[in-house]
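The values are calculated or read from the model by the stated rules, or taken from the named source; none is laboratory data. Just so you know, these numbers come straight off a predicted model, no measurement behind them. Here the Cβ is made from the backbone with ideal geometry for all residues, glycine too, and neighbour counts use every protein chain on show.
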Amino acid sequence: MKRALAAVTVAGLAAHALPALSSFAPGRRALLPGLAGTGAPDHIALTFDDGPDLESTPKFLRVLDDYDVRATFFLLGSMLDRDHGLGRELVAAGHEVAVHGWFHRCLLWRAPRPTYDDIARARDLVGSLGGGEPRWYRPPYGVLTTSALVACRRLRLEPKLWTAWGRDWRAGATPESIVEDVTSTLVGGGTILLHDSDCTSAAGSWRRTLDALPRLINWSRARGLRLGPLGEHDTVRP
C-alpha cells in the first residue's frame with residue numbers, strides 16, 4: 001500500500017511539473033513556437049517583466065516614446081498595487097499590459113488553489129487599468145505547471161514566454177552583454193525578454209537594460225524588423 005501511495009504521489013508531482021520542461025529555451029522554440037513567442041517574420045515582440053517600478057519604469061517609457069516603440073509589460077500585481085497610476089500611464093502611452101502573477105514565486109512549489117488565486121488576483125488588477133481584459137500570462141522564471149495552465153484556461157489567459165533574453169537580471173550584466181545575449185538568438189518573429197525593474201534582480205540592473213534598449217531598437221530596425229507588443233506579433237506587414 002505504501003509503495004502504491006508513493007507511486008501515485010510521484011506520478012502526481014510529475015504531472016504537476018511536466019510543463020516546466022518548456023522553460024528550456026532551445027526546445028521550446030523548436031517544439032512550442034506559440035508558447036515561445038514566435039510571430040510574424042518581420043516583427044519583434046518587445047516585452048518587459050517585473051514592473052511597474054516608480055524608480056525605473058518611467059525612464060523606459062521615455063526611451064520608448066523617443067523611438068516611437070510600443071511594448072508589452074508583464075506586470076507583477078504586488079508592484080502594480082503600489083502605484084496604480086503608473087500602470088494607467090503605461091496604458092495611456094499605448095503599451096500593452098499583461099500578467100506576471102501577484103508574487104514572483106516559482107510555481108513548482110505552489111498548489112493548484114494558491115496558483116489560481118495568485119494569477120486571478122493579478123489578472124483582475126491589471127484588467128482594471130483601462131487597457132481591456134489582459135490576454136497574456138508569463139510565469140515567474142518562465143516555469144509553467146499544470147496548475148498554471150488550468151488557471152490560465154479558466155481565466156482566459158494565454159501563456160507566453162520568449163525566444164531571446166538579455167539575462168539582464170545578473171549583477172555582472174552590462175549593456176554590451178545584454179545586447180549580445182539578445183541578438184545571439186534573436187531572429188525575425190522572435191520575442192525579447194527584458195526587465196524594467198530590479199525588484200527580483202541585482203540592484204540597479206535596470207540601468208544597464210535601459211542603456212542597452214536603444215541599441216536593441218537600432219539593431220532591429222537596421223535589419224528591417226518592426227518592434228512592437230505581442231498583440232501585433234502575428235500581423236504581417238503588407
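Some points to look at:
- Residue selected from the stretch 201-212 under the condition of a type in the set (A, V, I, L, M) and part of a loop (DSSP other than H, G, I, E, B), by the criterion farthest from D234 (Cα to Cα): A203
- Scanning the stretch 45-77 for residues that are outside any loop (DSSP other than H, G, I, E, B), surrounded by fewer than 17 Cβ atoms within 10 Å (Cβ to Cβ) and among the acidic types (D, E) returns D65, D66.
- P139 passes every criterion in (1) surrounded by 20 or more Cβ atoms within 10 Å (Cβ to Cβ); (2) within 18 Å of P229 (Cβ to Cβ); (3) free of Cβ contacts under 8 Å to residues at least 40 places away in the same chain apart from (2).
- Search result, residues across the stretch 168-200 that are farther than 23 Å from H43 by Cβ and either part of a loop (DSSP other than H, G, I, E, B) or among the aromatic types (F, W, Y) (or both): W169, R170, A171, G172, A173, T174, S197, D198, C199, T200
- Among residues of the stretch 142-164, those that are hydrophobic (A, V, I, L, M, F, W, C) and in contact (Cβ under 8 Å) with a residue 40 or more places away in the chain, counted: 7
- If the condition is being loosely packed, with under 15 Cβ neighbours inside 10 Å and either at pLDDT 95 or above or within 20 Å of D50 (Cβ to Cβ) (or both), then the stretch 215-238 contributes N218, R221, A222, R223, G224.
- Of note, A148 does not satisfy the criterion of being crowded, with 20+ Cβ neighbours inside 10 Å and touching a strand residue (DSSP E or B) at 6+ places or on another chain (Cβ under 7 Å).
- Cβ-Cβ distances below 7 Å connect the following pairs, each with a first residue in the stretch 79-101 that is on the phi > 0 side of the Ramachandran plot, a second residue that is in a loop (DSSP other than H, G, I, E, B), and a separation of six or more residues or different chains: G94/R70; G101/L76; G101/P139.
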